[in-house]
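Written below as structure tokens is the structure these notes are about.
The values are calculated or read from the model by the stated rules, or taken from the named source; none is laboratory data. Quantities reported herein were computed from a predicted structural model and do not represent experimental measurements. Every residue, glycine as well, gets a Cβ built from its backbone with ideal geometry; the counts of neighbours run over all protein chains shown.
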Amino acid sequence: MELAKQLALDQYATHINPQKVRVLKAAGLDIIESRREGVWVYDADGRRLLDCFTSAGSFNVGRRNSEIVSAMHEAVDRLDHGNFLLCSREKAELAAKLAEISPGNLSCVMFGTGGGEAVDFALKLARGATRRPRVVHTVNGYHGHTGFALSAAGRDAYRLPFEPLMPEFVKVDYGDLDAMAGVIDSNTAAVLVEPIQGEGGIRVPPDGYLRGLRDLCTDSGALLVLDEIQTGFGRTGTWFACEHEGVVPDIMTVAKSLGGSMVSISATIFTEELREFLIPNPFIHLSTFGGSDLACVVALKVIEIIESTGLVEHAADMGIMLHSGLSRLQGEYPEAILEVRGRGMMAGLKLADDSMGPRLSYSLSNHGVLAIYSGNEPSVMRIMPALVIEPAEIDFLIEALSGAIGDMLSGKGPAVEDGGRVRRRPQR
Ligand SMILES: Cc1ncc(COP(=O)(O)O)c(C=O)c1O
């Protein structure tokens, strides 16, 4: 292994977490990202990989998109973060643009630096505006690791060591409207869901789920909070995933791809009616670097690129090609792929058992693809390349997947280490 790469892994293990390095290594993910370019990333040892993880859908316009890099250079020459207590031209312009592209009557914005912060504010706003305590969320949902967001974590392992967290958080099965109807009442401030669960294993809910949630919320006075942090900005073939069902939430959170792979920025977008709660106290929620002037310039450029290149429509077209390739693979390897999931460029392969997630990541890295199994459901391989992908690169991906699954089934690769336990590879 190249010296610089080994040094980075050693320093990471010594000063950050050795177990993380071991787990990544076992899954062939001891990659030190070096050059980053569009849909590709290069390991420090020079290997080129098609990036199908994209930091869980953070690089929709591609990595280091040249237009974004130029806009950032230009912004760096004249701006900095800006003074968060003052009004700024960049923040105002981005807020107006987000209002323009958001569904329905979502027209007011609070900026943050990351997804968890956006969700935290969404739930603060829901409680503050309704003066109700209850928040309903879903099993295997993922909304980040900050306070309110962590309280809504669908996976116990993330939450339990930190309890007691926020009170009155109630968890129900994702996709189950009857379960929701059973817990939403006049004490419910918010129902928080992802339109498609990302970390939960690329789970698309049954048709009518979001519409049903909308109706339950409207009837009970609870607020519908949709977390579009992974699904937003064209990922599923529409600007936002809720548009597939024509549903408008009361509050929507966005982050990840809004930063164009270059800056940290998130936004909580909500109705003018809810904004009434903030008007008497405009300083009730603050973030020093949330919506920094530099980040706003980048985010505006991201939206401009998506609009001017027709990236949402392109993602829809590429998504059709991707899903047809993945379905072909399922026919080729029914013993490995139980189901092809997802919508547009947010795809998942449900594999036959949990060990196959890390094993397939390992094999894929040997076939020139960086892909990482789902955090909350390791038997699901996530496939979420940059939306600027072209047909030839989808062909490359399908061929790589075919070779990697063949290798995995024939037993190539290491034993899989998971949370400190080294497990034998299951025999075919
Ligand atoms: C749906 C969803 N919500 C929230 C978050 C948290 O975002 P962040 O890691 O920026 O806090 C994530 C991160 O993966 C996510 O996928």
Checklist entry - In the set 292, 324, which member is surrounded by fewer than 18 Cβ atoms within 10 Å (Cβ to Cβ) and out of contact with any helix residue (DSSP H, G or I) (no Cβ under 6 Å at 6 or more places or on another chain)? => result 324
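One line per residue, one yes/no per condition, for (1) within 16 Å of the ligand (Cβ to nearest atom); (2) under 18 Å from residue 152 (Cβ atoms); (3) surrounded by 18 or more Cβ atoms within 10 Å (Cβ to Cβ):
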site	(1), (2), (3)
186	no, no, no
196	yes, yes, yes
200	yes, yes, yes
208	no, no, no
212	no, no, yes
221	no, no, no
224	yes, yes, yes
228	yes, yes, yes
231	yes, yes, yes
Checklist outcome for this item: Looking across the stretch 130-169 at residues that are of a type in the set (A, V, I, L, M, F, W, C) and farther than 22 Å from residue 266 by Cα, the single one that is nearest to the chain's Cα centre (by Cα) is 139
Checklist entry - Inside the stretch 134-150, can you point out the residues that are away from the ligand (no atom under 13 Å from the Cβ) and over 16 Å from residue 226 (Cβ atoms)? => result 134, 139
Next on the checklist: Taking the criterion of being surrounded by 15 or more Cβ atoms within 10 Å (Cβ to Cβ), within 16 Å of the ligand (Cβ to nearest atom), at pLDDT 95 or above and closer than 29 Å to residue 147 by Cα, would at least one residue in the stretch 99-110 satisfy it?
Outcome noted: yes
Next on the checklist: When you check residue 116 against the structure, is it within 16 Å of the ligand (Cβ to nearest atom), at pLDDT 95 or above, part of a loop (DSSP other than H, G, I, E, B) and closer than 20 Å to residue 231 by Cα, yes or no?
Outcome noted: no
Next on the checklist: Report every pair of residues separated by at least 6 positions or lying on different chains whose Cβ atoms are under 6 Å apart, first residue within the stretch 2-13 and on the phi < 0 side of the Ramachandran plot, second loosely packed, with under 15 Cβ neighbours inside 10 Å.
Outcome noted: 2/45; 5/45
Checklist outcome for this item: Quick count over the stretch 54-84, residues being in a loop (DSSP other than H, G, I, E, B) and either within 18 Å of residue 304 (Cβ to Cβ) or in contact (Cβ under 8 Å) with a residue 24 or more places away in the chain (or both), is 12
Item to check | Failed item in (1) over 18 Å from the mean Cα position of the chain (by Cα); (2) within 16 Å of the ligand (Cβ to nearest atom), with residue 127 passing the rest | outcome: (2)
Checklist entry - Only one of 190, 153 is free of Cβ contacts under 8 Å to residues at least 24 places away in the same chain and in contact with a strand residue (DSSP E or B) (Cβ under 9 Å, 6 or more places away or on another chain); which? => result 153
Checklist entry - For the stretch 34-69, what are the residues that are among the aliphatic types (A, V, I, L, M) and within 25 Å of residue 380 (Cα to Cα)? => result 39, 41, 49, 50, 56, 61
Checklist outcome for this item: Turns out the helices (runs of 4 or more DSSP H) fully within the stretch 237-341 with at least 3 residues that are at pLDDT 95 or above and β-branched (Val, Ile, Thr) are 293-308
